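The values are calculated or read from the model by the stated rules, or taken from the named source; none is laboratory data. Remember, it's a predicted structure, so these values are computed and weren't measured experimentally. So basically every Cβ, Gly included, is an ideal-geometry build from the backbone, and we count neighbours across all protein chains shown. Please note that ligands, DNA and RNA were not included when accessible areas were found on the heavy atoms of the full protein model with its side chains. Shrake-Rupley method; radii C 1.70, N 1.55, O 1.52, S 1.80 Å.
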Protein chains: 2
Amino acid sequence: MPLRLDRGARLVVATHNPGKARELAQILENRFQLLSAGELGLGEPEETEASFVGNALLKARTAADASGLIALADDSGLSTSALDGAPGIFSARWAGPDKDFGLAMRHLEERVTQSGRDDPSAWFTCALAVAWPNGPAVVVEGRIDGTLTFPPRGERGFGYDPVFTPAGGILTFGEMDPTEKDAISHRARAFAKLKAALF
Amino acid sequence: MPLRLDRGARLVVATHNPGKARELAQILENRFQLLSAGELGLGEPEETEASFVGNALLKARTAADASGLIALADDSGLSTSALDGAPGIFSARWAGPDKDFGLAMRHLEERVTQSGRDDPSAWFTCALAVAWPNGPAVVVEGRIDGTLTFPPRGERGFGYDPVFTPAGGILTFGEMDPTEKDAISHRARAFAKLKAALF
């Protein structure tokens, strides 16, 4: 079994986050036949690993083995220097069961202020994993550096996008045109690696 | 960059366990030019992940990025039904800083006896990861089922081999000829998957 993803292949996208699913579909340029984990009635495993790649792998493996199809999973988040990497792999969990990222961004601002550390450095990480049912898996990671921006700005994107300005830029990810964001984002960088390896 | 491991490629083997390094060399049949992490003066990362594949990936990634070479790492261990999977990813840690597997096997026998559960089922898992420097990684997992065998028998193999009898067999891994063990072991099964994917 060669490690290739052929055009038109059926892929389960193991995400229950509509924002991520939309971005993945956009980046994949209709190259594959995408099925969502939700459509297939697949559950979400608990994210027990300590890294983005570990959790992406866990989600892809679970979906591939449950569906018998090749599965693609994403695990991503925002890390900050002031909080020694937090929220990191806990980025989504900071938004609580209601996935309230307004709450998560307020919480982040409070924690950074309380830290007393005057370092606005932050970075988004995206890990992508592709798993074959009962077979191998491939993982890649992409990253973009930038600065925290409070108060949040912009209604586009999702998650922590409104509090992150990529290095050398002026607009936050929440203000940028999706096409511009997709050209430089951590997710785009991870996809470029995945594409080089598998497409 | 195609995900292939060509014959003669230089590979860092990210293990500091001489038993594993020997088995890996045997299984790889002199196909690659193997360098050890020890030879290159690479440190061992803390195994912070919650799964075999997660820890194998972490070790391969760390060695690849530190050396600039393709790295291969193994994470493996013995799981038992009576202890709900323990020692699992903690298999090596049960042997303590002196890597005393005699101690680990006595500890295992005590814990299984104390559990009061009359289920001797056990399985070895081997996760293998190959990481390209600053690039993708491939992971696979192999497993072999069997039964716990106390007291330990056999001087061959390493680790928990003397307390594990593969399903359908009579000899423990510690009693088997290395060639026989390598034909059926969890490590051999993981390698068969890796080979199908990358060689």
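Which whole-Hz ³J(HN,Hα) couplings does the stretch B:9-17 yield from phi under the Karplus relation 6.51 cos²θ - 1.76 cosθ + 1.60, θ = phi - 60°, glycine and proline marked x? Here the 3J(HN,Hα) series is 4, 7, 10, 7, 9, 8, 10, 10, 9 Hz. The distance linking the stretch A:56-119 with the stretch B:79-97 is 30 Å (Cα centroid to Cα centroid, whole angstrom).
Along its principal axes, the stretch A:1-90 has C-alpha extents of 44, 27, 26 angstrom, given from the largest down. Per-residue 3J(HN,Hα) values for the stretch B:152-163, derived from phi via the Karplus relation 6.51 cos²θ - 1.76 cosθ + 1.60 with θ = phi - 60°, read x, 9, x, 10, 8, x, 7, x, 8, 3, x, 10 Hz in sequence order (x marks Gly and Pro). Using only Cα coordinates, the Kirkwood hydrodynamic radius of the stretch A:10-198 works out to 16.8 Å. Calculate the length of the line joining the C-alpha centroid of the stretch B:144-162 to that of the stretch A:136-172, in whole Å. Using only Cα atoms to place each centre, the spacing works out to 51 Å. Across the cross-link table entries A:LYS181/B:LYS59; A:LYS20/B:LYS193; A:LYS195/B:LYS193; A:LYS20/B:LYS195; A:LYS99/A:LYS195, which are compared at the Cα atoms, the separations over 24 Å belong to A:LYS181/B:LYS59; A:LYS20/B:LYS193; A:LYS20/B:LYS195; A:LYS99/A:LYS195. Seen against the Cα atoms of chain B and their longest principal axis, helix B:186-198 is set at about 20 degrees. Normalised by the number of residues in chain B, what is the relative contact order in percent for Cα pairs under 8 Å and 6+ residues apart? About 19 percent, as a whole number. Quick one: if the Förster radius is 30 Å, what FRET efficiency do A:GLU109 and A:ASN17 give, using the C-beta to C-beta distance and rounding to 0.05? That pair, A:GLU109 with A:ASN17, gives E of 0.85.
Chain A against chain B buries an accessible area of about 1500 Å², both chains summed, 1.4 Å probe radius. Applying D = kT/(6 pi eta Rh) to the protein assembly as shown, where Rh is the Kirkwood radius over alpha-carbon pairs, T corresponds to 37 °C and eta to 0.692 mPa s, the Stokes-Einstein value obtained is 146 µm²/s.
Inter-copy label distances for B:GLY43: 3.9 nm (label point placed 7 Å from Cα along Cα→Cβ; shortest first).
Accessible area of B:LYS99 (1.4 Å probe, protein heavy atoms only, ligands and nucleic acids ignored): about 120 Å².
Label-point spacing for B:ASP84 across the identical copies (point 7 Å from Cα in the Cβ direction), in nm and ascending order: 2.9.
When the helices of chain B are scored as -39500 (n - 2.57) per DSSP H run of n ≥ 4 and the total is divided over every residue, the value at 222 nm lands at -9500 deg cm²/dmol.
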